[in-house]
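Read through the structure below, which is laid out as structure tokens, and then see the notes.
The values are calculated or read from the model by the stated rules, or taken from the named source; none is laboratory data. Note that the coordinates shown come from a computational prediction; the quantities given were computed from them, not determined experimentally. Here the Cβ positions follow ideal geometry from the backbone for every residue, glycine too, while neighbour counts run over all protein chains shown.
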Amino acid sequence: MTDLIRHLYVHFPFCARICPYCAFYKTRGNAAEVGRFCEALVGELQRTTADLLPSTIYFGGGTPTALKTSQLEVILSAFHQRLDLSELKEWTIEANPGSVSARKAALLKKFGVNRISLGVQSWDNDLLNLLGREHNAAQAEESFRIFRDAGFSNISIDLMFALPGQTERQWRDSLQKTIALEPEHISTYCLTYEEDTEFLARFERGEFSADEEREARFLEVTMTTLERAGYEHYEISNYARAGFRSEHNQAYWQGADYIGLGPSAFSTRSFERWQNVADHHEYARRLFANESPVASVERLTPEMKRMERVALGLRTAEGITVHTISINRTHALSHAGLLRHDTNRIFLTRAGKLLADSIAEELL
């Protein structure tokens, strides 16, 4: 049993609208394409069940809730039929406001999904329009209440900051609006300009700009506001009420093995990492032909694993062990008030959290 993988990610590539900032593999599929994907996904699941005893499952995307209720039911039923879910603790699904209904929420609850990650991003309609989102603020609040009414007691809200033209007042208002809804978890992400996105093209044309000092101010506002509201800052981008940390994401940050299903999904087992083909047509073709959907395989070295532990672990409240890096490399950062350490572990200070990526690069 100890060799079985405990964490499962499933990538749903379909979206009702393509957001201009998003770099994940996504597409707008028609009914036939979505149906074909669902069949292929069940086929891939069947190929991997012998390796799995999941304690966490995460449905991400894309937009999993963009699927019809009947399609979700087929997939959820397949997971129950083909997997041993006796040790499952957390089953998360990402949901976009505008793709939520009471019937869909009830179905998810019925099949054991117990955590919702709701992609609100902003409570300002002008900023939502800039981000290309399909919902407005009123729809986002209604979606949150639909999940509450369906009995979900573990809801996370995603927000984005340092958006083009976003003011500090707008960001404070978004945080306060979110706090007022009393979600169990809040994720806050600083906008980054990713490859192959419309936002990067606009950045390169000079329409948008990045300002590290401005980003640090927004993060400082975020930490202060959410901590005062009773949320624990347990990872740079994540805040939770007591007992509501994301177990699935913590597994990633701690370097646990995981299986990824769906087009473009990554998997890691020991010192091997592989990725499925990032094309839902080819993904389905391969599975229907009884071929592997894997497009690439990477062999990880102990040094690569160590670097990942430092980069990811340093972002968390638990920090990293003193044995992960040369302690001599921490002296200057500690004197500058960016790191603290006890006998066994090294942590970012509050000031250090504002420079997390730079500090990780320095230590590596």
What residue, among those in the stretch 155-205 that are of a type in the set (S, T, N, Q) and modelled with pLDDT under 95, is surrounded by the most Cβ atoms within 10 Å (Cβ to Cβ)?
THR197
Return the only residue of TYR258, TYR231 being touching a His at 6+ places or on another chain (Cβ under 7 Å) and crowded, with 20+ Cβ neighbours inside 10 Å.
TYR258
Taking first residues from the stretch 133-150 that are in the same structural domain as CYS22 (by TED's automatic domain parsing) and at pLDDT 95 or above and second residues anywhere that are part of a helix (DSSP H, G or I) and not polar (S, T, N, Q), the pairs with Cβ under 6 Å that are 6 or more apart or on different chains are PHE144/LEU181; ILE146/ALA102; ILE146/ALA105; PHE147/ALA105; ALA150/ALA105; ALA150/ALA106; ALA150/LYS109
Qualifying positions in the stretch 132-149 - buried (at least 19 other Cβ atoms within 10 Å of the Cβ) and outside any helix (DSSP H, G or I)
ARG133, HIS135
Give me the pairs, please: first residue somewhere in the stretch 46-59 and of a type in the set (Ser, Thr, Tyr), second residue anywhere and in a strand (DSSP E or B), beta-carbon distance under 6 Å, and either six or more positions apart or on two chains.
THR48/ILE259; SER55/ARG6; THR56/HIS7; THR56/GLU90; TYR58/TYR9; TYR58/THR92
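Report, by residue number, each residue of the stretch 188-232 that is β-branched (Val, Ile, Thr) and either outside the structural domain of TRP171 (by TED's automatic domain parsing) or over 19 Å from the mean Cα position of the chain (by Cα) (or both). Outline the logic, then answer.
Keep residues of the stretch 188-232 that are β-branched (Val, Ile, Thr), which gives 188, 192, 197, 221-222, 224-225.
Hits for the stretch 188-232 are VAL221, THR224, THR225.
Looking at the stretch 208-224 only, could you name the residues that are in a helix (DSSP H, G or I) and of a type in the set (Asp, Glu)?
Correct list: GLU212, GLU213, GLU215, GLU220.
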Return the total of residues in the stretch 1-38 being out of contact with any Gly (no Cβ under 7 Å at 6 or more places or on another chain), among the charged types (D, E, K, R) and surrounded by 15 or more Cβ atoms within 10 Å (Cβ to Cβ).
3
Counted residues in the stretch 196-217 being in contact (Cβ under 8 Å) with a residue 12 or more places away in the chain, over 18 Å from LEU131 (Cβ atoms) and of a type outside the set (Lys, Arg) come to 2
Please verify whether the stretch 68-90 includes one or more residues that are surrounded by 23 or more Cβ atoms within 10 Å (Cβ to Cβ), under 16 Å from HIS248 (Cα atoms) and in contact with a strand residue (DSSP E or B) (Cβ under 7 Å, 6 or more places away or on another chain).
no
Being touching a His at 6+ places or on another chain (Cβ under 8 Å) and assigned to a loop (DSSP other than H, G, I, E, B) is the filter here; which residues of the stretch 241-255 pass it?
ARG241, PHE244, ARG245, SER246
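Tell me whether the stretch 99-111 contains one or more residues that are within 30 Å of PRO164 (Cα to Cα) and in contact (Cβ under 8 Å) with a residue 40 or more places away in the chain. Even if it seems obvious, please write down each step before you answer.
To start, the set of residues in the stretch 99-111 that are within 30 Å of PRO164 (Cα to Cα) comprises 99-100.
If we keep only those that are in contact (Cβ under 8 Å) with a residue 40 or more places away in the chain as well, we get 99-100.
The answer is yes; a qualifying residue exists.
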Selection count, the stretch 3-46, where residues are part of a loop (DSSP other than H, G, I, E, B) and not aliphatic (A, V, I, L, M):
14
